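Here's the structure, in structure tokens; my notes come after.
The values are calculated or read from the model by the stated rules, or taken from the named source; none is laboratory data. All of these numbers come straight from a predicted model, not from anything done at the bench. As a convention, Cβ positions derive from the backbone with ideal geometry for all residues, glycine included, and neighbour counts pool all protein chains shown.
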Amino acid sequence: MVNMVRLTRLLFGPIVVVGLVAGCAQSPQVTPAGPTAGAAAVGGAAPTAAVAANPVGGGASATTEVGTPRNETLIVQTFDGKTDNPSNMNPLSGSYSIWRGFRELGWGYLWEMDTASGKSYPELAAELPKVLDDQHTQFQISLKPGIYWSDGVEFSADDVIYTLDTYMAGKGKLTYFGVPVINGYVKSYKKIDNYTLEIDTTHPAYDFGTTLGVYTWGSAFNIVPKHIFEKESDLAAFKNTNPVTLGAYTIKSFDPNGQWHLWQRRDDWQRSATGALGEPAAKYVFYKNFGDEQTRTLAFIKNEYDVDTFMSPDSIAAAQKQNPKIATFSKTLPFHDMGDACSYGILMNQQKAPLDNPNVRWALALSLDLQSVGINAMSGQFRASSEPMPDTQITRPAYFDSMQQWLTDLKLPDGYQPYNPNFGAQMASKLGDMGMDESTLPKGDDVSKSFGLGWWKADTTEAQKLMASAGYTKGADGFYAGPDGTTWQVELVIPSDWNKVMQRVGFSIADAWTKAGFKVNARQVDNGEFTKVQNTNALLTTMVNWSTSCVFNTNYLNSWRSFQKENLKEPDSNDAITGNADRITDQKVFDLITRASSMDQSTPEFVDTGRQVIQEMIQNMEYINMMNIPTTIPTNGAYWTNFPKAENAYAVPYTWWSSFKKILVNIKPTAQ
């Protein structure tokens, strides 16, 4: 009975939320809070008090808090919560408000990614890149005629050439991550005519289309309008507020305090980069931070917005009990899409003692107890991944199935075998023992599809042996101390409320490590500081992270190309890194990545080299990968339907990937 009560708490936990909404009707009349004071009108008027007085949920006459018809407005919870740079819309800046729809609605790319198949297709380009030599170093790009910037100027090869010139001249000054990537990738380029150009690369480039185009959620190469940017003397300081766009939308207004951005569909959307996809169904797209999870859940139940971002499983369950229009990606475990290109893992500063010792890193992994972490943080709704990439329907055949025997046979230097191939079956059994409905539990081959193929054993005894080999033993207080008797305090940086799911995972890790004898300081930070810690050696000890394990298909180079010695900074440097966020110091990994960079990515040799990188990273535990990102993205069908679901997965269901543009042309308005 105790176990059943505990599972109920995990699945339907936020009692306060349920209590608040218990008396609400399914389509309540509510008055939304007005916009943040001082909202900036960019191409449109700021909302008025009269607008805010109009109710949401009142049918076709309802008006949003920013003055748009509710039934013409798709409203999504922001990925980043509040942004610190709402007016910075310069895609060449590393601190622009990237999560507010610019990749999805504003920019255009040479080639986009069909996220349902993992294959590229032309967007601004007329066709896939044409290879001009046997070495794969010379390429011709043909552009579609008739695509226009939102101010009426036609897009042409001049914009691409100007952007390349700007990237090359801006190395060391422009802070967008793609600037050093393109500098190291492109050797030379020239314009042939208004719709044709040729590019030579520095090395054989079998990933040309996904480096100069979109690999997953965006691109290293953000094309900017020559006729706008060439007028600016300092592009590093240029904010590009109220930008002209190639996408089907333009910014209508935004909150200078960083809580929301409002987009409006272009009248000439047919001439945009995405015109070939069809007309976007929503005239307006409103990105808004609805606040902490309790506030968001209440707003979601009241139909105040349509798509959430990383709501915790128990809040989703509570919301579904109050509003039947709220749905998850799947009706069966793990209920959410597990196809994200990235995974949750633990980033460790391997340049600092004692994390420079592989035994210490392995001790942290074996002390983690991922089954308990996943149940406490995710109600068991996750898929484990022991390799430094997500385990998806695309990556599993190439990099997981063939590695199982190697993982089972793996031994640490003391002979210990750390891999647990029965992880998934044990998860299903544990959830069943806790009282989960048997009909929702996977069986047979579906167990590994739900919970993964395996993970590391939870073994604090072996962890203690490994720590002792590094000179660390437990003191009288039960915590590990170094040879001089000083307790080792492990700082674990985790998100604050801007990513509730990852925050809960972080707290659960801290709890597991503390129980195992590590003195942990779990420090919550906002999105801006999170990125700063990730990129600054002086600030990083350990952190829950997702951005270094992003492998969407068999091309691992897109994420791992930066694993090179030259991207390392001094261990206590305050300078931001420009790559190698894992702080890998392993020369074998460097050599393998260099070798792979010259390979045809469609060959078995390329895939095999990737497996060797994985094996090296695992043997030295250079990144503690945990689980596919559990993309808990519930949708609300009160105003819009036909979102991607398991039975109709025409795109990944993420509002923060550039493929969101495909969702916008597929959703359908309801009768409201």
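Restricted to the range 556-672, the set of helices (runs of 4 or more DSSP H) holding at least 3 residues that are of a type outside the set (A, V, I, L, M, F, W, C) comprises 587-596, 604-619. Regarding the range 529-544, can at least one residue be identified that is buried (at least 16 other Cβ atoms within 10 Å of the Cβ), assigned to a strand (DSSP E or B), in contact (Cβ under 8 Å) with a residue 12 or more places away in the chain and among the hydrophobic types (A, V, I, L, M, F, W, C)? The answer is yes, given that some residue of the range 529-544 is buried (at least 16 other Cβ atoms within 10 Å of the Cβ), assigned to a strand (DSSP E or B), in contact (Cβ under 8 Å) with a residue 12 or more places away in the chain and among the hydrophobic types (A, V, I, L, M, F, W, C). Just one of the listed residues (Pro644, Pro653) is touching a strand residue (DSSP E or B) at 6+ places or on another chain (Cβ under 6 Å) and surrounded by 19 or more Cβ atoms within 10 Å (Cβ to Cβ), namely Pro653. Within the group Gln381, Gln350, Gln393, which residue is at negative phi, in a loop (DSSP other than H, G, I, E, B) and touching a Pro at 6+ places or on another chain (Cβ under 6 Å)? From the options Gln381, Gln350, Gln393, the qualifying one is Gln381.
Per the conditions (1) touching a residue at least 12 places away in the same chain (Cβ under 8 Å); (2) closer than 27 Å to Ser87 by Cα, the sole criterion not satisfied by Ser233 is (1). Given the condition within 25 Å of the chain's Cα centre (by Cα) and of a type in the set (Lys, Arg), answer yes or no: does some residue in the range 209-232 qualify? Checking the range 209-232: not a single residue is within 25 Å of the chain's Cα centre (by Cα) and of a type in the set (Lys, Arg). Every test in (1) free of Cβ contacts under 8 Å to residues at least 60 places away in the same chain; (2) within 27 Å of Ser496 (Cα to Cα); (3) in contact with an Asp or Glu (Cβ under 8 Å, 6 or more places away or on another chain) is passed by Phe329 save one, and that test is (1).
Among the residues of the range 429-454, those that are over 27 Å from the mean Cα position of the chain (by Cα), within 25 Å of Met403 (Cβ to Cβ) and small (Gly, Ala, Ser) comprise Ser429, Gly444.
Counting only residues that are farther than 24 Å from Phe335 by Cβ and either aromatic (Phe, Trp, Tyr) or not assigned by TED's automatic domain parsing to the domain that holds Ile618 (or both), which one in the range 415-471 is surrounded by the fewest Cβ atoms within 10 Å (Cβ to Cβ)? Out of the qualifying residues, it is Tyr416.
Among the residues making up the range 127-153, those that are surrounded by fewer than 14 Cβ atoms within 10 Å (Cβ to Cβ) and under 22 Å from Ser658 (Cβ atoms) are Glu127, Gly146, Asp151. When the residues of the range 328-356 are filtered to those that are closer than 22 Å to Leu431 by Cα and not hydroxyl-bearing (Ser, Thr, Tyr), the one that is surrounded by the fewest Cβ atoms within 10 Å (Cβ to Cβ) is Lys331. Of everything in the range 117-126 that is in contact with a Gly (Cβ under 9 Å, 6 or more places away or on another chain) and under 12 Å from Ser659 (Cα atoms), the residue that is surrounded by the most Cβ atoms within 10 Å (Cβ to Cβ) is Glu123. Remark: pairs (first residue in the range 655-670, among the aliphatic types (A, V, I, L, M); second residue part of a strand (DSSP E or B) and surrounded by fewer than 22 Cβ atoms within 10 Å (Cβ to Cβ); Cβ separation under 7 Å; 6+ apart in sequence or on different chains) = Ile667/Thr641. The set of residues in the range 33-81 that are modelled with pLDDT under 90, in a loop (DSSP other than H, G, I, E, B) and under 16 Å from Asn257 (Cβ atoms) comprises Ala33, Gly34, Pro35, Thr36, Ala37, Gly38, Ala39, Val42, Ala46, Pro47, Asp80, Gly81.
Residues in the range 481-497 that are buried (at least 16 other Cβ atoms within 10 Å of the Cβ), more than 23 Å from Ala538 (Cβ to Cβ) and not acidic (Asp, Glu): Ala481 only. In this structure, is Val520 hydrophobic (A, V, I, L, M, F, W, C), buried (at least 23 other Cβ atoms within 10 Å of the Cβ) and within 26 Å of Pro388 (Cβ to Cβ)? When the stated conditions are applied, Val520 does not pass them. Of the residues examined, Ala512 is one that is of a type in the set (A, V, I, L, M), within 30 Å of Ser379 (Cβ to Cβ) and assigned to a helix (DSSP H, G or I).
Just name the residue that is farthest from Gly610 (Cα to Cα) out of those in the range 578-598 that are in contact with a helix residue (DSSP H, G or I) (Cβ under 8 Å, 6 or more places away or on another chain) and modelled with pLDDT under 90. Checked the range 578-598; the qualifying residue farthest from Gly610 (Cα to Cα) is Thr578.
Of all residues in the range 82-93, which are in contact with a strand residue (DSSP E or B) (Cβ under 9 Å, 6 or more places away or on another chain) and either more than 25 Å from Leu246 (Cα to Cα) or at pLDDT below 95 (or both)? Hit for the range 82-93 is Thr83, nothing else.
Rundown of residues vs (1) among the polar types (S, T, N, Q); (2) surrounded by 19 or more Cβ atoms within 10 Å (Cβ to Cβ); (3) under 30 Å from Arg70 (Cβ atoms), yes/no style:
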| position | (1), (2), (3) |
| --- | --- |
| Lys588 | no, no, no |
| Ile593 | no, yes, no |
| Asp600 | no, no, no |
| Lys661 | no, yes, yes |
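Applying the criterion of at least 1 residues that are more than 22 Å from Gly517 (Cα to Cα) and touching a residue at least 24 places away in the same chain (Cβ under 8 Å) to the helices (runs of 4 or more DSSP H) found wholly in the range 404-492 leaves 404-409, 423-433, 446-451.
Among all positions in the range 564-580, there is no residue which is closer than 29 Å to Trp107 by Cα, among the β-branched types (Val, Ile, Thr) and in the same structural domain as Lys283 (by TED's automatic domain parsing).
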